[in-house]
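Working notes, beginning with the structure itself.
Read-outs: derived from the displayed coordinates by stated rules, not from any lab. Keep in mind the model is a prediction, meaning the values are calculated, not measured. Because the Cβ atoms are built from the backbone with ideal geometry, glycine has one as well, and the counts that use them run over all protein chains shown.
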Amino acid sequence: MDIGTAKPTAAERAAAPHHLIDLVEPDRSYSAGEWRSAAIRAVDEILGRGKLPLLVGGTMLYYRALVSGLDELPQADAALRAEIDADAARRGWPALHKELEKVDPATASRLPPNDSQRIQRALEVFRLTGKPLSSLQRGVKADLPFRLNSFALMPDRAILHRRIEERFGEMLKMGLVEELKGLRNRFDLKASMPSMRAVGYRQVWEMLEGESDAATMRERAVAATRQLAKRQMTWLRSFAGLVRLDPAEALGELIRSCRRP
């Protein structure tokens, strides 16, 4: 899954070592807990070599898992998930979102009606525990074996939206559709898998299944990416201890510092 994840190129990875890339195949689930353990091991190893590790990305769930630990939530239940998926196939995810509003309004309020992965998980947790997901997501403060300095780039919304549209257009030119066709040939993939629910891949999958045309696919993918970016920005604003920077100003300062004698 190189193109749709904007994976660093071979040249970029040769210029600066990257870690925790190409860990699992797309037909396997990978949890935030697994990533947290692997990230801490990688940071410790890099620090042990006298180097400074940089944790870079935009998935705030993983950042929260790293700094705050993991909530005590039940393991996934394959049978229950299949039951919820079948219900969604009959009634649609917006209907299940309304069901979620009745049992967990706090979680429902932050999820769009078509966020199938998170709606499914919230309903799964409620049916397994009888408790709303929001009441269980309190974070278990866990001490890290290193000090973390955190910075957030907060771009202008209009610029962000334009960049998102341009970026997805570039992904299509690079062969995103062909990449997913190849993955479907190599692996026994299903639309319900976490990898295939990822923004971009999900919309291309729908097009390949005849549920939309190319123009609609592109429009849906851009809209879904904008919604994702909005959620990530909300996460960023909620975190304490972040140094928030304007990307243009931060880049300007970097250029000026590089020019200093």
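Kirkwood Rh, the chain, all Cα pairs: how many Å?
20.6 Å
From Cα pairs below 8 angstrom and at least 6 apart in sequence, can you work out the relative contact order of the chain, rounded to a whole percent?
Details: 195 pairs, mean separation 62.4, N = 261.
It comes to 24 percent, rounded to a whole number.
Once the convex hull of the alpha carbons of the range 31-164 is built, what does its volume come to per residue, in cubic angstrom?
Convex hull of Cα atoms, per residue: 144 Å³.
Sort L183, L52, L73, L100 so the one with the fewest other Cβ atoms within 10 Å of its own Cβ comes first.
L52, L73, L183, L100
Checking the a/c ratio against 1.5 first, then a/b against b/c, what shape does the Cα gyration tensor give for the range 78-136?
Oblate shape, in that a/c is at least 1.5 and b/c is the bigger or equal ratio.
Given the convex hull over the Cα atoms of the range 87-184, what projected area results after averaging over all orientations, in nm²?
10.9 nm²
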